Amino acid sequence: MQFGMKLQIATQENTMKDTDIKKLLYTHLLCIFSIILSIFIPSFFLENFSILETHLTWLCICSVSVTAINLVLYLVVKPNVSSKRSSLSYKVTRFLKCCIYFLTSCFFFHVIFVLYGAPLIELVLETFSLAVILSTFTTVPCLCLLGPNFKAWLRIFSRNGVTSIWENSLQITTISSFVGIWLGAFPIPLDWGRPWQMAAEGKRSISVYGRGVGLGRVTQVT
(Lines give C-alpha, C1' and ligand atoms only; values in the text may rest on other atoms or scores of the structure.)
Protein backbone atom coordinates (compact mmCIF):
# COMPACT_ATOMS: atom_id res chain seq x y z
CA MET A 1 0.00 0.00 0.00
CA GLN A 2 2.71 2.46 0.99
CA PHE A 3 4.84 1.39 -1.97
CA GLY A 4 1.93 2.05 -4.33
CA MET A 5 1.36 5.51 -2.88
CA LYS A 6 5.07 6.36 -3.18
CA LEU A 7 5.09 5.14 -6.78
CA GLN A 8 2.03 7.26 -7.58
CA ILE A 9 3.59 10.35 -5.99
CA ALA A 10 6.85 9.78 -7.91
CA THR A 11 4.89 9.43 -11.16
CA GLN A 12 3.01 12.66 -10.50
CA GLU A 13 6.26 14.49 -9.72
CA ASN A 14 7.85 13.25 -12.95
CA THR A 15 4.79 14.32 -14.93
CA MET A 16 4.87 17.79 -13.36
CA LYS A 17 8.60 18.07 -14.06
CA ASP A 18 8.12 17.11 -17.71
CA THR A 19 5.34 19.68 -18.00
CA ASP A 20 7.55 22.39 -16.48
CA ILE A 21 10.38 21.50 -18.87
CA LYS A 22 8.07 21.85 -21.88
CA LYS A 23 6.70 25.16 -20.61
CA LEU A 24 10.22 26.43 -19.96
CA LEU A 25 11.36 25.36 -23.43
CA TYR A 26 8.50 27.17 -25.16
CA THR A 27 9.03 30.24 -22.98
CA HIS A 28 12.69 30.58 -23.91
CA LEU A 29 12.07 29.89 -27.59
CA LEU A 30 9.52 32.71 -27.66
CA CYS A 31 11.93 35.03 -25.82
CA ILE A 32 14.65 34.31 -28.39
CA PHE A 33 12.11 34.84 -31.16
CA SER A 34 11.07 38.22 -29.70
CA ILE A 35 14.70 39.42 -29.68
CA ILE A 36 15.13 38.33 -33.32
CA LEU A 37 11.89 40.06 -34.32
CA SER A 38 12.98 43.29 -32.61
CA ILE A 39 16.01 43.32 -34.92
CA PHE A 40 14.33 42.59 -38.26
CA ILE A 41 10.65 43.56 -38.10
CA PRO A 42 11.11 47.34 -37.44
CA SER A 43 13.06 47.71 -40.70
CA PHE A 44 9.81 47.06 -42.61
CA PHE A 45 8.05 49.96 -40.90
CA LEU A 46 10.81 52.43 -40.02
CA GLU A 47 12.94 54.07 -42.69
CA ASN A 48 16.73 53.62 -42.38
CA PHE A 49 16.34 51.45 -39.31
CA SER A 50 19.44 49.60 -38.07
CA ILE A 51 20.83 48.50 -34.73
CA LEU A 52 23.87 50.77 -35.07
CA GLU A 53 22.44 53.87 -36.73
CA THR A 54 19.14 53.98 -34.83
CA HIS A 55 20.25 52.15 -31.72
CA LEU A 56 18.03 54.07 -29.29
CA THR A 57 14.94 53.22 -31.33
CA TRP A 58 15.96 49.59 -31.45
CA LEU A 59 16.56 49.64 -27.69
CA CYS A 60 13.02 50.82 -27.00
CA ILE A 61 11.54 48.21 -29.32
CA CYS A 62 13.68 45.42 -27.89
CA SER A 63 12.97 46.36 -24.27
CA VAL A 64 9.23 46.67 -24.83
CA SER A 65 8.96 43.42 -26.81
CA VAL A 66 11.04 41.38 -24.35
CA THR A 67 9.16 42.82 -21.35
CA ALA A 68 5.78 42.19 -22.98
CA ILE A 69 6.69 38.61 -23.89
CA ASN A 70 7.92 37.93 -20.36
CA LEU A 71 4.77 39.35 -18.77
CA VAL A 72 2.40 37.46 -21.07
CA LEU A 73 4.28 34.17 -20.80
CA TYR A 74 4.59 34.21 -17.03
CA LEU A 75 0.93 35.18 -16.66
CA VAL A 76 -0.11 32.30 -18.93
CA VAL A 77 2.36 29.68 -17.70
CA LYS A 78 2.18 30.67 -14.01
CA PRO A 79 5.25 28.75 -12.74
CA ASN A 80 4.65 29.98 -9.18
CA VAL A 81 0.97 29.57 -8.50
CA SER A 82 -0.13 30.93 -5.14
CA SER A 83 -2.91 29.12 -3.30
CA LYS A 84 -3.99 32.36 -1.63
CA ARG A 85 -6.43 34.70 -3.31
CA SER A 86 -5.04 38.20 -3.56
CA SER A 87 -7.14 41.32 -3.29
CA LEU A 88 -7.10 44.03 -5.93
CA SER A 89 -5.27 46.43 -3.63
CA TYR A 90 -2.57 43.81 -3.03
CA LYS A 91 -2.11 43.27 -6.77
CA VAL A 92 -1.90 47.02 -7.41
CA THR A 93 0.64 47.44 -4.61
CA ARG A 94 2.66 44.52 -5.93
CA PHE A 95 2.64 46.00 -9.45
CA LEU A 96 3.79 49.39 -8.18
CA LYS A 97 6.58 47.73 -6.21
CA CYS A 98 7.69 45.90 -9.36
CA CYS A 99 7.80 49.21 -11.25
CA ILE A 100 9.86 50.77 -8.47
CA TYR A 101 12.24 47.79 -8.48
CA PHE A 102 12.69 48.08 -12.24
CA LEU A 103 13.36 51.82 -12.18
CA THR A 104 15.70 51.41 -9.22
CA SER A 105 17.68 48.75 -11.08
CA CYS A 106 17.94 51.04 -14.13
CA PHE A 107 19.39 53.89 -12.06
CA PHE A 108 21.59 51.48 -10.12
CA PHE A 109 23.14 50.05 -13.29
CA HIS A 110 23.52 53.56 -14.70
CA VAL A 111 25.52 54.60 -11.62
CA ILE A 112 27.65 51.45 -11.89
CA PHE A 113 28.45 52.21 -15.54
CA VAL A 114 29.45 55.78 -14.65
CA LEU A 115 31.68 54.51 -11.84
CA TYR A 116 33.32 52.15 -14.31
CA GLY A 117 34.18 54.99 -16.69
CA ALA A 118 31.09 55.94 -18.69
CA PRO A 119 30.75 59.72 -19.28
CA LEU A 120 28.90 61.47 -16.48
CA ILE A 121 27.29 64.20 -18.62
CA GLU A 122 27.95 63.26 -22.25
CA LEU A 123 26.03 60.36 -23.80
CA VAL A 124 23.74 60.16 -20.77
CA LEU A 125 20.88 58.79 -22.85
CA GLU A 126 23.08 56.08 -24.37
CA THR A 127 24.41 55.05 -20.96
CA PHE A 128 20.94 54.96 -19.43
CA SER A 129 19.66 52.95 -22.40
CA LEU A 130 22.34 50.39 -21.65
CA ALA A 131 21.07 50.24 -18.07
CA VAL A 132 17.51 49.79 -19.33
CA ILE A 133 18.38 46.89 -21.63
CA LEU A 134 20.33 45.18 -18.86
CA SER A 135 17.43 45.65 -16.43
CA THR A 136 15.08 44.23 -19.06
CA PHE A 137 17.18 41.08 -19.35
CA THR A 138 17.82 40.64 -15.62
CA THR A 139 15.33 42.46 -13.38
CA VAL A 140 12.16 41.86 -15.42
CA PRO A 141 12.43 38.04 -15.39
CA CYS A 142 13.15 38.13 -11.64
CA LEU A 143 10.06 40.26 -11.07
CA CYS A 144 7.90 38.03 -13.27
CA LEU A 145 8.98 34.83 -11.52
CA LEU A 146 9.60 35.95 -7.94
CA GLY A 147 7.91 39.31 -7.64
CA PRO A 148 9.37 42.15 -5.55
CA ASN A 149 10.90 39.74 -3.06
CA PHE A 150 14.54 40.67 -2.66
CA LYS A 151 15.23 37.80 -0.23
CA ALA A 152 14.11 35.31 -2.88
CA TRP A 153 16.44 36.99 -5.38
CA LEU A 154 19.37 36.62 -3.00
CA ARG A 155 18.47 32.98 -2.38
CA ILE A 156 18.51 32.11 -6.08
CA PHE A 157 21.87 33.73 -6.74
CA SER A 158 23.48 32.30 -3.63
CA ARG A 159 25.17 28.92 -3.56
CA ASN A 160 22.74 25.96 -3.74
CA GLY A 161 19.77 28.32 -3.51
CA VAL A 162 17.88 27.07 -6.57
CA THR A 163 14.82 24.94 -5.81
CA SER A 164 13.16 24.53 -9.23
CA ILE A 165 13.95 24.35 -12.93
CA TRP A 166 12.49 27.84 -13.40
CA GLU A 167 14.84 29.31 -10.83
CA ASN A 168 17.78 27.48 -12.41
CA SER A 169 16.81 28.98 -15.77
CA LEU A 170 16.56 32.45 -14.22
CA GLN A 171 20.01 32.05 -12.69
CA ILE A 172 21.64 31.02 -15.98
CA THR A 173 20.06 33.72 -18.16
CA THR A 174 20.73 36.52 -15.67
CA ILE A 175 24.38 35.60 -15.25
CA SER A 176 24.73 35.25 -19.04
CA SER A 177 23.42 38.81 -19.50
CA PHE A 178 25.97 40.19 -17.02
CA VAL A 179 28.78 38.19 -18.66
CA GLY A 180 27.68 39.45 -22.07
CA ILE A 181 27.77 43.09 -21.02
CA TRP A 182 31.16 42.59 -19.37
CA LEU A 183 32.56 41.00 -22.54
CA GLY A 184 31.23 43.98 -24.47
CA ALA A 185 33.89 46.16 -22.84
CA PHE A 186 36.77 44.13 -24.30
CA PRO A 187 36.84 45.51 -27.89
CA ILE A 188 36.40 49.17 -26.90
CA PRO A 189 40.13 50.13 -26.78
CA LEU A 190 40.94 48.35 -30.07
CA ASP A 191 39.60 50.77 -32.66
CA TRP A 192 37.42 53.72 -31.72
CA GLY A 193 36.78 54.40 -35.41
CA ARG A 194 34.40 51.47 -35.66
CA PRO A 195 30.77 52.40 -34.88
CA TRP A 196 30.05 49.03 -33.29
CA GLN A 197 32.84 49.68 -30.78
CA MET A 198 31.25 52.76 -29.25
CA ALA A 199 31.17 52.27 -25.49
CA ALA A 200 27.46 51.77 -25.01
CA GLU A 201 26.94 50.15 -28.42
CA GLY A 202 29.37 47.29 -27.95
CA LYS A 203 28.17 46.49 -24.46
CA ARG A 204 24.52 46.70 -25.40
CA SER A 205 24.84 44.47 -28.47
CA ILE A 206 26.90 41.82 -26.70
CA SER A 207 24.57 41.95 -23.70
CA VAL A 208 21.78 40.90 -26.06
CA TYR A 209 24.05 38.19 -27.42
CA GLY A 210 24.84 37.01 -23.89
CA ARG A 211 21.15 36.88 -23.09
CA GLY A 212 20.55 34.83 -26.24
CA VAL A 213 23.36 32.44 -25.36
CA GLY A 214 21.89 32.01 -21.89
CA LEU A 215 18.46 31.25 -23.32
CA GLY A 216 19.99 28.83 -25.80
CA ARG A 217 21.94 27.12 -23.05
CA VAL A 218 18.81 26.65 -20.95
CA THR A 219 16.94 25.38 -24.01
CA GLN A 220 19.66 22.77 -24.57
CA VAL A 221 19.55 21.70 -20.91
CA THR A 222 15.79 21.29 -20.98
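The values are calculated or read from the model by the stated rules, or taken from the named source; none is laboratory data. Since the model is a prediction, treat every value here as computed from it, not as a measurement. Cβ atoms come from the backbone with ideal geometry, glycine included; neighbour counts cover every protein chain shown.
The sole residue among Leu120, Leu96, Leu145, Leu134 that is exposed (fewer than 11 other Cβ atoms within 10 Å of the Cβ) and either modelled with pLDDT of 80 or more or assigned to a helix (DSSP H, G or I) (or both) is Leu120. Looking at Val72, Val76, just one residue is surrounded by 12 or more Cβ atoms within 10 Å (Cβ to Cβ), without any contact (Cβ under 8 Å) to a residue 40 or more places away in the chain and assigned to a helix (DSSP H, G or I), and that residue is Val72.
When region 148-172 is filtered for residues that are among the polar types (S, T, N, Q) and either touching a residue at least 60 places away in the same chain (Cβ under 8 Å) or outside any helix (DSSP H, G or I) (or both), the ones remaining, listed by number, are Asn149, Ser158, Asn160, Thr163, Ser164, Ser169.
Does Ser105 count as at pLDDT 80 or above, among the hydroxyl-bearing types (Ser, Thr, Tyr), within 23 Å of Phe33 (Cβ to Cβ) and touching a helix residue (DSSP H, G or I) at 6+ places or on another chain (Cβ under 7 Å)? Spelling it out, it is not the case that Ser105 is at pLDDT 80 or above, among the hydroxyl-bearing types (Ser, Thr, Tyr), within 23 Å of Phe33 (Cβ to Cβ) and touching a helix residue (DSSP H, G or I) at 6+ places or on another chain (Cβ under 7 Å).
Conditions: (1) surrounded by fewer than 20 Cβ atoms within 10 Å (Cβ to Cβ); (2) part of a helix (DSSP H, G or I); (3) modelled with pLDDT under 85; (4) among the small types (Gly, Ala, Ser). Gly193 meets all but one. Number of the miss? Failed condition: (2).
Residues in region 35-51 that are surrounded by 18 or more Cβ atoms within 10 Å (Cβ to Cβ) and either part of a helix (DSSP H, G or I) or touching a Gly at 6+ places or on another chain (Cβ under 9 Å) (or both): Ile35, Ser38, Pro42.
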